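Have a look at the structure below before the remarks.
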Amino acid sequence: MVDFYLQVRQELISTMQTALKSVRQLLGISAQELGEFIGVTRQTINNLETDKNRMSATQYVAVCAVIDNYLKDHPELLQAFSAILKPSYSWNSEVDVTHFHNASFLKKWFLCFPDSSNLIELIPDTCTKFETNDLLTLAKNYKIFCDASSLCNSKFTVLMRGLYPLLKEEQNKLIVPLRAVEAIQGMMLSSKSEDILAAQAAMGALSQLQAAGLMEVRGEKTDSNIVSTFISVFSRFKQINRLMLITQNTSLAKDVLSLNDNGIGGFTILAAWISDNGELRFWGSENAGQTDSLTMPKIVTNENSINTTYAGWDSID
């Protein structure tokens, strides 16, 4: 199973090693002294600073402890440390990232692990009150994609209480693009506690869905931004599969729905958002406006069946 937190932790370690000499100079200590503090030799510190050795997770945690201890007496240097430890984060350049959380670099590290007490059980005894028949239609007939905005929505797990058993019954899976996962990982490095909590919940849901065989991450490192990825994938597969996107992003919904009018044919793409009570609602085709109810189109079986595989993204069947 994919550890959705792993890449975040690796980014923190890599950034710490790159900035280690500057960190040590800001602490006002020698390589020998830093080595004594964290239990390694002066040569090990030199090798880390010159990138001859790779910093371990244990060494990262030890350095964070030294910084946290120093900041107790020098809180005015918090912003200086956060500036030199700001990751050159490639997943999402718009994410506000930092190494510290509530003035503690050590606490930030421990936030980058799943906390089972915060995970919401996705297997319910019964479906929720909203239209089960509509969800069954989706689970049975559609390839359902989710973006970061829907996965981080506080009502995503409420929606899943109804959709989970139906996906399992129909042996269907949610599809999450790699770029969406990376955007959530980027939120884990945010300085805003609400972003971190939302990302933690999303990662927890992803882990549980993947463990149950009801979710798969699809994509390649060559994928561009998330909008281009959805447009490319949906354009490619709409002639073969019924596709649906769950997103809270108005602009993305509008761009995806515009594919229904571009003359390439195929099935009608659906886009939905998660309401405040955890129900699905359609994005309207005009300016992607929100509608009041989820009304499923009529499904015709064996319509426009084509057997084709594509390079890059494999067949999503």
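The values are calculated or read from the model by the stated rules, or taken from the named source; none is laboratory data. Computed from a prediction, not measured in an experiment: that's the story for all the values here. Because the Cβ atoms are built from the backbone with ideal geometry, glycine has one as well, and the counts that use them run over all protein chains shown.
Checking each residue of region 13-23 against the condition of being outside any helix (DSSP H, G or I) and loosely packed, with under 15 Cβ neighbours inside 10 Å gives no match. Among the residues of region 14-29, those that are hydroxyl-bearing (S, T, Y) and either outside the structural domain of F105 (by TED's automatic domain parsing) or under 26 Å from the mean Cα position of the chain (by Cα) (or both) comprise S14, T15, T18. Looking only at region 44-57, decide whether some residue is assigned to a helix (DSSP H, G or I) and modelled with pLDDT under 95. Yes, because at least one residue in region 44-57 is assigned to a helix (DSSP H, G or I) and modelled with pLDDT under 95.
Any residue that is at positive phi and surrounded by fewer than 17 Cβ atoms within 10 Å (Cβ to Cβ) - is there at least one of those in region 210-227? Yes, region 210-227 contains a residue that is at positive phi and surrounded by fewer than 17 Cβ atoms within 10 Å (Cβ to Cβ). Of the residues examined, G162 is one that is in contact (Cβ under 8 Å) with a residue 12 or more places away in the chain, surrounded by 16 or more Cβ atoms within 10 Å (Cβ to Cβ) and out of contact with any strand residue (DSSP E or B) (no Cβ under 6 Å at 6 or more places or on another chain). The single condition among (1) without any contact (Cβ under 8 Å) to a residue 24 or more places away in the chain; (2) surrounded by 18 or more Cβ atoms within 10 Å (Cβ to Cβ) that A199 does not meet is (1). For region 24-43, what are the residues that are in a helix (DSSP H, G or I) and aliphatic (A, V, I, L, M)? The answer is L26, L27, A31, L34, I38.
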